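Peer 1: Here it is, the structure, as structure tokens.
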Amino acid sequence: MPLIDGGSRITNYIVEKRESTRKAYSTVTTNCQKCSFRIPNLAEGCEYYFRVLAENEFGIGEPAETAEPVRASEAPSPPESLNIMDVTRNSVSLAWPKPEHDGGSKITGYVIEAQRKGTNQWAHITTVKTLDCVVKNLTENEEYTFQVMAVNSAGRSAPRESRPVIIKEQMMLPEFDLRGIYQKTVIAKAGDNIKIEIPVLGRPRPTVTWKKEDQILKQTQRVNYENTATATILTINECTRSDSGQYPLTAKNIVGEVSEVITVQVHDIPGPPTGPIKFDEISSDFVTFSWQPPLNDGGVPISNYVVEMRQTDKIKIADFSTVLINKDSSRRDGGAYTLTATNPGGFAKHIFNVKVLDRPGPPEGPLAVSEVTAEKCVLSWLPPLDDGGAKIDHYVVEKRETSRLAWTAVATEVPLTKLKVTKLLKGNEYVFRVMAVNKYGVGEPLESEPILAVNPYVPPDPPKTPEVTAITKDSMVVCWGHPDSDGGSPITNYIVERRDRAGLRWVKCNKRVVTDLRYKVSGLTEGHEYEYRVMAENAAGVSEPSPTSPFYKACDTVFKPGPPGNPRVLDSSRSSITIAWNKPIYDGGSEITGYMVEIALPEEDEWKIVTPPVGLKATSFTITDLKENREYKIRIYAMNSEGLGEPALVPGTPKAEERLLFGESLDRASIESTSSYTLLIVENVNRFDSGKYMLTIENSSGSKSAFVNVRVLDTPGAPQDLKIKEVTKSSVTLTWEPPLIDGGSKIKNYIVEKRESTRKAYSTVNANCHKTSWKVDSLQEGCNYYFRVLAENEYGIGLPVETSESVKVSERPLPPGKITLLDVTRNSVSLSWEKPEHDGGSRILGYIVEMQSKGSEKWSTCATVKVTEATITGLIQGEEYTFRVSAQNEKGISDPRQLGIPVVAKDLVIPPAFKLLFTTFSVLAGEDLKVDVPFVGRPKPAVFWHKDNVALKQTTRVNAESSENITVLTIKEACKEDVGAYLVKLTNSA
């Protein structure tokens, strides 16, 4: 109702509506008597404004209008069906049609949920915008039901469920679909690229292998095959005649195996005719010779041959001389020439050795490629047999990717016949060639076989099945065995994953690198059950996951407590005995909830409980209703949440009798005096009864005193002055002093124990320490620990001394990472840096920035900050400064990290420049347009906007605003007049 009714009662309300695309309201009702009204017959999907006006006898008042338009829509209907398209051993593929009705609003997505058989809980899987989804990481042989819900601006639809499905691999014999390859034959021209794609069916997904003739196909950068989820693809780049032949392919899975043969024909120019050339007939003016057809006809029948000739030498003969002329001599013309002269009187011979000076021949092969990795290899060869008549100066080595035609130089002056080639690209196939060089030039090349630049190692085998060795309510220690094989490369990291029994997804546990075979998983939810798996990682990649562990429940592990300490008799009477004891040294990991006392007669084994059923809270108790002068056996139990622990027996068989107590607080002493002697008896003594005892005798004539030193043989007291001497990220060094009371026997050794602050039970570090100091190592970095030390003599283990506060295992952090210079002005410098690689096991509290001016050896602190950046002001213009940064945690300050170069305090001068990604902008009429133009420039440039070469006139609708590094043009409710070319101009002193 209106706050002001105009002095007259409201008679009715008028309700009006208008579509958001119109300006005029139309009346819905003029006589609404209530403060609410349902408006029917709206156009679905349209947006409306509504307003209400009150009316009294004086007329119609002012309207109240909705601030935003309201879309007439509702949640969509569910998809008509949810279909199971495919099932594997750990995933399901789902698909569904669009809902019949979108509720009047655009469908923005679909929500997928899953329910495991035996549970009532639906787990959220994902939200997608398409009409299909693959749900992964499901448990094999479990039954699941899935549901999908459509979402629009009004909300979610009702869910549409799938049929239940059991997660297991489907079975189907492999099959090749060869309909796209005519007669299983592929014909190509030499130099072309061949791509043969064959669809492959079969479940589980078959393993496809290719062969060339009867040999496994050797994959290279030029010739390789790829197996996808639905097909196998053979690729041959820049094919040659040698690629022709039969290519058998086989598909195999657990159901069976099928094979097919693809024939590849590459047509090319023919090879050379087969020699040697045979001269059949020779005369003075003709010669007849023959040859054999080429071994390689290029895949097409030979149509004709081309015969060429060249005259290379000439012999001139005179009466008494002869001349041999060899034109265009080459290296192969060198050798032994024999001249024979004959006449009727006989013959004469002479041998001429001819050496042709030329470039060297090819190096002696093979060109061996060894020590191949993804980045490098080693080449080796032998010198050429023919050095061209001159000493070999050096060798030229070149390489070529098999997918390219051009050679690139590797090294141009190699003095030896061996070279290490680096900077190869992983996975590429290379051919290398070597040429010898003498003073006449570069010789013929020797080429290598193609090699693939890949590492000679593979991902490791999966680790052994993980086990959990220590469990608390929020953490577990997971251990596993080393993989059978590291794949030829050292293991660099283990990845630990966990899965909650109530969830579906595997979650990575470790953010840091783990190289040990154990890892403490923290942050667990108490009462939940978890299973674990581990993957190993080396330089080649990550292994398959290990077998999963059993489920383990996150809860504190507790045991029954140990026996109470030092049980003793404090007092007795004719009908009672008062006893006392200490808390057990070991509480079993759970708080001591009480104690129980039992008694029995010395000659019997039947024990009687004398304490209340709920137990005692105190560490002393008076046993009543005993018979005078009767001896009893007494034992005491401690109890915790796990039950009763081991009993502690009170020494001897205490007797129910009166005790006389005199003098200083000797509550267990009895004194007997006669006319001629006095007797002091202290029963059940302990180490605290040691000391000096003074006896004083008095009568009317005076007094006399004497003393006696008593040494009680017992376990020792607690060591003294336990101190923390040194703390690192994995160890703590303890020191202490011997106990004041050694129990009457020499201290044999000390027992050092530790416990995490989140636990209650101590664990032994060293049970045989012969010094008064010990370094406790192998501690978990960042954890808090308590420590205690107990002394031991021949009578047993004494009382402990414990650290009063927990000790955090940490150390000073490493220096900060790389320092970056962000900005410089004439009086300030802005720096940023990376966090230290290691915080020392304790949170970084802040960073200390220091500076040193040129010519000074003194470093002064210029800033202390908690973030990884700082601006240092108050610098002197033109001065040169050096900066360094140190990190600080609760253990101290790290070594500093220094900025690599000195900085001169002066204003930077940078010419203006734009960082605009594109220059054309479109907007619908009536919509707003915002154009962001980033720029750089120092000092800050002045910004000028023009439209169609005229200075932009700024209005409330069209305006430009600029900041330090961006200028923004804003056009509200754009119209046709705003179309045009906008020019922005930057100017500064640079």
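The values are calculated or read from the model by the stated rules, or taken from the named source; none is laboratory data. Since the model is a prediction, treat every value here as computed from it, not as a measurement. Every residue, glycine as well, gets a Cβ built from its backbone with ideal geometry; the counts of neighbours run over all protein chains shown. Accessible surface areas use protein heavy atoms only, side chains included; no ligands, DNA or RNA. Shrake-Rupley method; radii C 1.70, N 1.55, O 1.52, S 1.80 Å.
Peer 1: Considering (1) open to solvent by less than 70 Å² (accessible area, probe 1.4 Å); (2) under 30 Å from S244 (Cα atoms); (3) of a type outside the set (K, R), say which one L138 fails and leave the rest.
Peer 2: With respect to (1) open to solvent by less than 70 Å² (accessible area, probe 1.4 Å); (2) under 30 Å from S244 (Cα atoms); (3) of a type outside the set (K, R), L138 is out only on (2).
Peer 1: Could you run through the range 350-394 and say how many residues are open to solvent by 30 Å² or more (accessible area, probe 1.4 Å) and more than 30 Å from I315 (Cβ to Cβ)?
Peer 2: Counting residues in the range 350-394 that are open to solvent by 30 Å² or more (accessible area, probe 1.4 Å) and more than 30 Å from I315 (Cβ to Cβ) gives 18.
Peer 1: When P912 is evaluated against the numbered criteria (1) part of a strand (DSSP E or B); (2) in contact with a Ser or Thr (Cβ under 9 Å, 6 or more places away or on another chain); (3) exposed (fewer than 13 other Cβ atoms within 10 Å of the Cβ), which criterion, by number, is the only one it fails?
Peer 2: Condition (3) is where P912 drops out.
Peer 1: Something else: Just wondering, is there one or more residues in the range 623-640 that are among the β-branched types (V, I, T), open to solvent by 70 Å² or more (accessible area, probe 1.4 Å), modelled with pLDDT of 80 or more and farther than 30 Å from F559 by Cβ?
Peer 2: Keep residues of the range 623-640 that are among the β-branched types (V, I, T), which gives 623-624, 634, 636.
From what's left, open to solvent by 70 Å² or more (accessible area, probe 1.4 Å): 624.
Then drop every residue that is not modelled with pLDDT of 80 or more, which leaves 624.
Those left that are additionally farther than 30 Å from F559 by Cβ: 624.
Yes.
The rows are residues; the columns are (1) of a type in the set (A, V, I, L, M, F, W, C); (2) loosely packed, with under 11 Cβ neighbours inside 10 Å.
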site	(1), (2)
K278	no, yes
N296	no, no
A336	yes, yes
A348	yes, yes
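Peer 1: Name the single residue, out of those in the range 311-329 being of a type in the set (S, T, Y) and at pLDDT below 85, that is farthest from K355 (Cα to Cα).
Peer 2: S321
Peer 1: Here's a follow-up. Need the failing condition index for G427 against (1) of a type in the set (G, A, S); (2) without any contact (Cβ under 8 Å) to a residue 12 or more places away in the chain; (3) open to solvent by less than 40 Å² (accessible area, probe 1.4 Å), just the number.
Peer 2: Checking G427 against (1) of a type in the set (G, A, S); (2) without any contact (Cβ under 8 Å) to a residue 12 or more places away in the chain; (3) open to solvent by less than 40 Å² (accessible area, probe 1.4 Å), the one that fails is (2).
Peer 1: Look through K930, K940 and report the one residue that is in a loop (DSSP other than H, G, I, E, B), farther than 15 Å from E977 by Cα and either open to solvent by 60 Å² or more (accessible area, probe 1.4 Å) or in contact with a helix residue (DSSP H, G or I) (Cβ under 6 Å, 6 or more places away or on another chain) (or both).
Peer 2: Values: K930 fails: in a loop (DSSP other than H, G, I, E, B).
Only one candidate passes the filter, namely K940.
Peer 1: Here is a list of conditions, (1) farther than 15 Å from P816 by Cβ; (2) open to solvent by 30 Å² or more (accessible area, probe 1.4 Å), and V867 meets all of them except one; can you say which number that is?
Peer 2: It is condition (1) that V867 fails.
Peer 1: Now, a different point. Restricting attention to the range 100-130, which residues are within 22 Å of V70 (Cβ to Cβ), crowded, with 19+ Cβ neighbours inside 10 Å and not acidic (D, E)?
Peer 2: Of everything in the range 100-130, those that are within 22 Å of V70 (Cβ to Cβ), crowded, with 19+ Cβ neighbours inside 10 Å and not acidic (D, E) turn out to be G103, G104, S105.
Peer 1: Suppose we filter the range 27-50 for residues that are within 23 Å of S105 (Cα to Cα), open to solvent by 30 Å² or more (accessible area, probe 1.4 Å) and either in a strand (DSSP E or B) or in contact with a Leu (Cβ under 6 Å, 6 or more places away or on another chain) (or both); how many remain?
Peer 2: 3
Peer 1: Considering (1) under 30 Å from I236 (Cβ atoms); (2) surrounded by fewer than 18 Cβ atoms within 10 Å (Cβ to Cβ), say which one M171 fails and leave the rest.
Peer 2: So the condition that M171 fails would be (1).
Peer 1: Going by what's in this entry, would D86 be described as farther than 28 Å from G155 by Cβ, among the acidic types (D, E) and within 60 Å of the chain's Cα centre (by Cα)?
Peer 2: When the stated conditions are applied, D86 passes them.
Peer 1: Sticking with this structure for a sec: Kindly check whether there is at least one residue in the range 859-878 that is among the charged types (D, E, K, R) and more than 37 Å from the chain's Cα centre (by Cα).
Peer 2: no
Peer 1: Just to verify a result, which residue in the range 430-460, among those that are open to solvent by 20 Å² or more (accessible area, probe 1.4 Å) and β-branched (V, I, T), is nearest to L217 (Cα to Cα)?
Peer 2: The selected residue is I451.
Peer 1: Continuing with the same structure: In the list S259, S242, which residue meets the criterion of being of a type in the set (S, T, N, Q) and either part of a strand (DSSP E or B) or at pLDDT 90 or above (or both)?
Peer 2: Testing whether each residue is of a type in the set (S, T, N, Q) and either part of a strand (DSSP E or B) or at pLDDT 90 or above (or both) leaves just S259.
Peer 1: Related question: Any idea which residue in the range 881-895 is nearest to N965 (Cα to Cα), counting only those that are open to solvent by less than 60 Å² (accessible area, probe 1.4 Å) and not hydroxyl-bearing (S, T, Y)?
Peer 2: The residue in question is F883.
Peer 1: Residues of the range 757-768 being surrounded by 18 or more Cβ atoms within 10 Å (Cβ to Cβ) and either of a type in the set (D, E) or not in a loop (DSSP other than H, G, I, E, B) (or both), which ones?
Peer 2: Selection gives V765 alone.
Peer 1: If the Cβ limit is 7 Å and pairs must be 6+ apart or interchain, which residue in the range 62-89 that is open to solvent by less than 90 Å² (accessible area, probe 1.4 Å) pairs with which residue that is outside any loop (DSSP other than H, G, I, E, B) and among the polar types (S, T, N, Q)?
Peer 2: That search, which allows pairs on different chains as well, returns S73/N152; A75/N152; P76/N152; L82/Q147; D86/S93.
Peer 1: Of the residues S804, S773, only one is over 34 Å from the mean Cα position of the chain (by Cα), surrounded by fewer than 20 Cβ atoms within 10 Å (Cβ to Cβ), farther than 30 Å from V558 by Cβ and of a type in the set (G, A, S); which?
Peer 2: Numbers: S804 fails: farther than 30 Å from V558 by Cβ.
None of the other options fit; the residue is S773.
Peer 1: Taking only pairs six or more apart or across chains, which ones have beta-carbon atoms under 9 Å, a first residue in the range 572-599 that is without any contact (Cβ under 8 Å) to a residue 12 or more places away in the chain, and a second residue that is crowded, with 19+ Cβ neighbours inside 10 Å and β-branched (V, I, T)?
Peer 2: Final answer for the pair search is none.
Peer 1: Do you know which of the residues in the range 395-413 that are under 30 Å from S489 (Cβ atoms) and aliphatic (A, V, I, L, M) is least open to solvent (accessible area, probe 1.4 Å)?
Peer 2: Among them, the one singled out is V397.
Peer 1: Just the residues that are open to solvent by 40 Å² or more (accessible area, probe 1.4 Å), assigned to a loop (DSSP other than H, G, I, E, B) and of a type outside the set (S, T, N, Q), please, taken from the range 5-26. Let's see the steps before the verdict.
Peer 2: From the range 5-26, those open to solvent by 40 Å² or more (accessible area, probe 1.4 Å) are 5-7, 9, 11, 17-26; that's our starting set.
Those left that are additionally assigned to a loop (DSSP other than H, G, I, E, B): 5-7, 9, 11, 20-25.
Matches in the range 5-26: D5, G6, G7, R9, R22, K23, A24, Y25.
Peer 1: Does V923 satisfy the criteria of being aliphatic (A, V, I, L, M) and in a strand (DSSP E or B)?
Peer 2: No.
Peer 1: Ok, one more. Among the numbered criteria (1) of a type outside the set (A, V, I, L, M); (2) exposed (fewer than 14 other Cβ atoms within 10 Å of the Cβ); (3) closer than 30 Å to S894 by Cα; (4) free of Cβ contacts under 8 Å to residues at least 40 places away in the same chain, which one does K754 miss?
Peer 2: Of everything listed in (1) of a type outside the set (A, V, I, L, M); (2) exposed (fewer than 14 other Cβ atoms within 10 Å of the Cβ); (3) closer than 30 Å to S894 by Cα; (4) free of Cβ contacts under 8 Å to residues at least 40 places away in the same chain, K754 misses just condition (2).
Peer 1: Against the definition (within 19 Å of G565 (Cβ to Cβ), assigned to a loop (DSSP other than H, G, I, E, B) and either open to solvent by less than 40 Å² (accessible area, probe 1.4 Å) or at pLDDT 85 or above (or both)), how does T611 come out, yes or no?
Peer 2: On the way: within 19 Å of G565 (Cβ to Cβ): yes; assigned to a loop (DSSP other than H, G, I, E, B): yes; either open to solvent by less than 40 Å² (accessible area, probe 1.4 Å) or at pLDDT 85 or above (or both): yes.
Yes; evaluated as a whole, the condition is true for this residue.
Peer 1: May I pose another question? Please identify the pairs in which a residue from the range 683-707 that is at positive phi has its Cβ atom under 9 Å from the Cβ atom of a residue that is among the β-branched types (V, I, T), counting only partners at least 6 apart or on another chain.
Peer 2: N684/V569; N684/V650; G691/V710; G691/V712
Peer 1: For K835, are the conditions met, namely being at pLDDT below 90, touching a Pro at 6+ places or on another chain (Cβ under 9 Å) and open to solvent by 30 Å² or more (accessible area, probe 1.4 Å)?
Peer 2: No.
Peer 1: Tell me which residues, restricted to the range 776-801, are in a strand (DSSP E or B) and within 35 Å of the chain's Cα centre (by Cα).
Peer 2: Passing the criteria: V776, N784, Y785, Y786, F787.
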